[in-house]
Amino acid sequence: MLQGRPLLIISLIMLLVACSLKTIYNRLDYLIPSYVEGMVSLDEVLEEKLRQRTGSLVNWHRNTQLTQYAELLRTFQKDIQSPLNEKLVLQHIATIQLLWQSLEVKLNKEMAELLPLLSAEQQEELFASIEDKNEDFYDEYVDLYNDERIDQYTETTLDTYENWLGYISEEQERAIEKAATELNNSALLRLDQRRLWQRSIQEILKTSESEEVKSKQLEQFFKRFSINDQPQLKVISEINKKIIARLTVEIINQASANQKTFFKNKTDEYIQIFTELAENR
């Protein structure tokens, strides 16, 4: 995973092959609770509440977000036909981030409602699971030599552009390798912020306040807290966004006719899927 968040967000749309995305999306109301239950044991009441809240979240996403994803891909299709510039790419990154942030707001609201319902034992189990994931994050993204980190950036970035464009030329690959050496590493700062987020939630949940008060406190905390608000992270994020924007301009403006056709066919598949999902088909 790149620590430059914009490329990660763009990549989320393309992580799954088209034939499986629709199936997985239509099962999110089952898959999300199953994922949560893998982190903390739930009784029947909490499990049912989680399923209800998940169903509501998926319906909101289906009815408000998917058509925007499809429209954004149509915009990308138009842009690839004429020379790109960094300003336009940065505008697209900002649009994607706004879509992502709207989903974060909804997720935070659901967490604020559900977390206070956990017992002390369930909270302990949940935060132990989160810490395990933090340790995995450290091993995979922090505890690396610089050349390992650059190789990781190169591989992830190359995979992303191949997913969009198909075969990548040697010249495009060299541009990716160069950009990978320029990207700033924010993994340790992000891990620190993840742990701050975790400690803050634990402190709220451990108080003797009522569930209603805890829920309001969590909601207020989520509104205030953003990983990228940390000053150093904000600087790194802006630098990395510009590097990714410059690289995207270079890659797309070198794109062959075959790559543009690959991109058109790929995005057409996703536009159709997003449209059908939005229509509940």
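What the table shows:
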item	result
Global geometry of region 204-281, whether rounded, prolate or oblate, following the gyration tensor of its Cα atoms and the 1.5 cut on a/c	oblate
Inter-label distance, nm, simple model (7 Å from Cα along the C-beta direction), Asp147/Arg224	4.6
Positive dipole terminus of the chain, leading residue within Ile80, Ile244, Leu66 (C-beta point charges)	Ile80
Of the chymotrypsin sites (Phe, Trp or Tyr not before Pro) in region 175-281, those whose Cβ has at most 16 other Cβ within 10 Å and which sit in DSSP loop	Phe225
Rounded to the nearest 20 debye, dipole of the chain from Cβ charges on Lys, Arg, Asp, Glu	1340
Extreme residue, positive dipole direction of region 92-142, given options Ser119, Ile96, Tyr141 (C-beta unit charges)	Ile96
Descending semi-axes in Å of the chain, equivalent ellipsoid built from Cα gyration tensor	35, 24, 16
Accessible surface of the chain [probe 1.4 Å, protein heavy atoms]: carbon and sulfur percent	52
Qualifying trypsin sites (Lys or Arg not before Pro) in region 63-157, DSSP loop, other Cβ atoms within 10 Å at most 16	none
Viscosity 1.306 mPa s, temperature 10 °C, Stokes-Einstein D of region 162-258 from Kirkwood C-alpha radius, µm²/s	95
Sparsely packed chymotrypsin sites (Phe, Trp or Tyr not before Pro) within region 105-158, loop by DSSP, other Cβ within 10 Å at most 11	Tyr145
Global geometry of region 73-202, whether rounded, prolate or oblate, following the gyration tensor of its Cα atoms and the 1.5 cut on a/c	oblate
Calculated [θ] (222 nm, deg cm²/dmol) that DSSP helices of n ≥ 4 give over the chain, each run adding -39,500 (n - 2.57)	-26000 deg cm²/dmol
Sequence-separation-based contact order of the chain, relative, with Cα cut under 8 Å and 6+ spacing, percent	40
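The values are calculated or read from the model by the stated rules, or taken from the named source; none is laboratory data. Only a predicted model underlies this, so the values are computations on that prediction, with no experimental measurement involved. Positions of Cβ are backbone-derived with ideal geometry, glycine not excepted, and every protein chain shown enters the neighbour counts. Only protein heavy atoms, including side chains, enter the accessible area calculation; ligands, DNA and RNA are left aside. Shrake-Rupley method; radii C 1.70, N 1.55, O 1.52, S 1.80 Å.
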